[in-house]
Structure formats: structure tokens, C-alpha cells
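What follows is a single structure, written as C-alpha cells, with notes after it.
Please treat every number below as a calculation from the coordinates, not as lab data. Just so it is clear, the structure is predicted and the values come from calculations on it, not from any experiment. Note that we place each Cβ from the backbone using ideal geometry, even for glycine, and neighbour counts take in every protein chain shown.
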Amino acid sequence: MRRVVKTSPRNNIYQENVYRTGTNDIWNCLTCNLCYDGCPQGVNYSEFIKEVRDKMDSSHEVHKGVFTTLSELMSELNESRTSLNETGNADSKIGYYPGCLDFHDMFFNLDVDFKSIADSSLKLLEHLDMNPRIMQMKCCGHDQLWQGDKETFDKLKEQNTNLIKDSGIETLVTSCAECYRTLSQDYDLPVEVVHISQLLKDADLGVDSGVKVTYHDACRLGRHMGEYDAPRNVLTGAGAEVTEMQHNKSESWCCGVSSMMNCDDKSKALRKARLDEAKATSAEVLITTCPKCLAHLTCMKDEQESTEQYDYDIKDLTVFLAEQMGEK
């Protein structure tokens, strides 16, 4: 459970100053919630930053704005949905939402198969005797909301909410930390939203992997939603040896690229430090639950391999588990 959010009068003063000056400082915040978890007053600075960005006259983006443009197109075009081709069990009361994994494969030039996250997730759900309906939804709008483009977010939210209501599902499952946070906190849905690790935490996957792993807490699943134990429980339940990095759980370091923003030298330094922490554990695999963490940590690993040797793999939780089961 998240703490009750307290506000400070100083926030209102600072907010008014931000509106007047149009300072760029608000775009530097990673909205990772590290300050929130450490604040004795429980001030949710990330939510404050999100509100201020919405009041600004312009949004902020990186990666040439390609993902922002795609989301804007999705909000306007009926057929521009992000999903797998299959429909799954159309009568199921359980829906699986793959998020933007197909677009990640199209535009991240990395040695990462993002679609395999969805494939692995479906295989794991089938192992639990769940045959979900694959939700033909659009982007959840996470990045647009945190980039200050609430207009596009609201369009995506309305369209996705209608699709969910019309589907008749009762439970919506996602494997993306950002989608889980957005659908749980920023939508008002008549269904239960769960992260796949929460369904798997007590499951018997029938494997005893013996692989030494370390787990990177995605900010949206960890500090934003307070879920630290489920991914670790499912890994240990599958026989993996989980060894912690120096900064873990509520003190975990962010991957440094928030909502497709802040991809700069400071962000790279943060990712480099995170890779070094993983290396110090002697783990064979670095596990995460966020496709963006997966993308940007992999990008830094590839960039550094000419000077540094990181002899471990970086994988999504679902892909690792499916591989251990021999299902991928």
C-alpha cells in the first residue's frame, strides 16, 4: 500500500513560480519516487512534477519523438492498436495486455526480442490454466501523461477504457511495470489490474533452475506500486539464486530514462553505475520487469562492451522464466 500523500505549502509557492518562469528544471526529474520514499512528510514530488508539466505550454521528449508521434496517431486512428495478432480466448474473463512491445521491436535497434515478452507471458499464463483474451488495446499513454501531454493521454485512456468495458473481462494482466502503474493508478477501471509477477509468485513452474540472478526494481512496479516481493518470490520459486545489488528494493537506482525522456550523459552515467552494481553480484542474468529498463540497460551494455566486460545477460522476468521451463 502507498503512504497517504501529504502536501506542503511550499509546493504551492514553488508551483506558481514554475508556471511563471517556465523553467526547464521540471523536465530533469526522473519521477522515480526515490525522494518520495525518503521524505518524512510523505510529499509525492513525482505527482507534483506531473501536474506542473501538464500546465506547461509544451511537452518534452527524446528519441526524436517517434514514440510520442505513434501514440498521438493511435489516439486518432481506429485501427492503430498495439497488440499481438492472435485474439486468444475471446470468451475469457481474464485479459492480457501486451502494451507497446511490437513498437519497441520496430524502433529499438537492439539485440532484444521484445515480442518474446508477450509470448512468454502467455505461455506462463497457460501454465496457470489461464487462457486469456489478448486485449486489442492501444498504448496506455504512460509516457504522454508524464511528458505533459495529458490531452493525448486522456484520448487513449477513454478509448482503452471503453474497449475494456466492452470486452467483459474481470481481470486485466500486464507484464509491463509502466502499464501496470498507469492502468492501476491513472485509469478508473471496473476490473482488477494485476502484474504477471503477482499471479506467478506462488506458482509451481516445475523448474529448479539453479541460475544466479540479480533483480532490478523498475521504478513503476517498485516505488510507485510498492511491489518488491512478487518478482523475487517467483524467481526463488523457480530455483533461481537471487543476489541483491547494493541498491535494491525501495533504494534501487532508476535506469535513468523516464518516460522516454532524459536520455543524456547523466542518464548514461546512472545506467553505467547500475550495470556495475549488477556485475559486482557475479550474477549470470540481470532481470527486470520494464521493457524500457530492458532496452536502456541493454543499450548501455552494448555501448560499453568495447571497454567493459559485462558477462551477464539482461532479460525480462517472463522471458527468463519461460526459458527455464523450456517453453521459449
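Worth a mention:
- Over all pairs of different C-alpha atoms, the range 205-324 has a mean inverse distance whose reciprocal, the Kirkwood radius, equals 14.4 Å.
- Each part gets one Cα centre, and for the range 146-161 versus the range 279-301 those centres are 29 Å apart.
- Which of 127, 224 has the fewest Cβ neighbours within 10 Å, and the rest in rising order: 127, 224
- In Å, descending, principal axis extents of the Cα set of the range 151-236: 46, 26, 16
- Separation of the alpha carbons by more than 26 angstrom is noted, of 123/301; 55/249; 93/123, for 123/301; 55/249.
- Most tightly packed first, judged by the mean number of other beta-carbon atoms within 10 Å of their residues, the peptides 33-45, 312-324 read 312-324, 33-45.
- Summary value for the range 108-159: 23 percent relative contact order, contacts being C-alpha pairs under 8 angstrom separated by 6+ residues.
- Each of 161, 214, 236 has some number of other Cβ atoms within 10 Å of its Cβ, and from fewest to most they run 236, 161, 214.
- In sequence order, the range 163-173 has phi-based couplings of 5, 5, 4, 5, 6, x, 6, 10, 9, 10, 10 Hz under the Karplus curve 6.51 cos²θ - 1.76 cosθ + 1.60, θ = phi - 60°, and Gly or Pro positions carry x.
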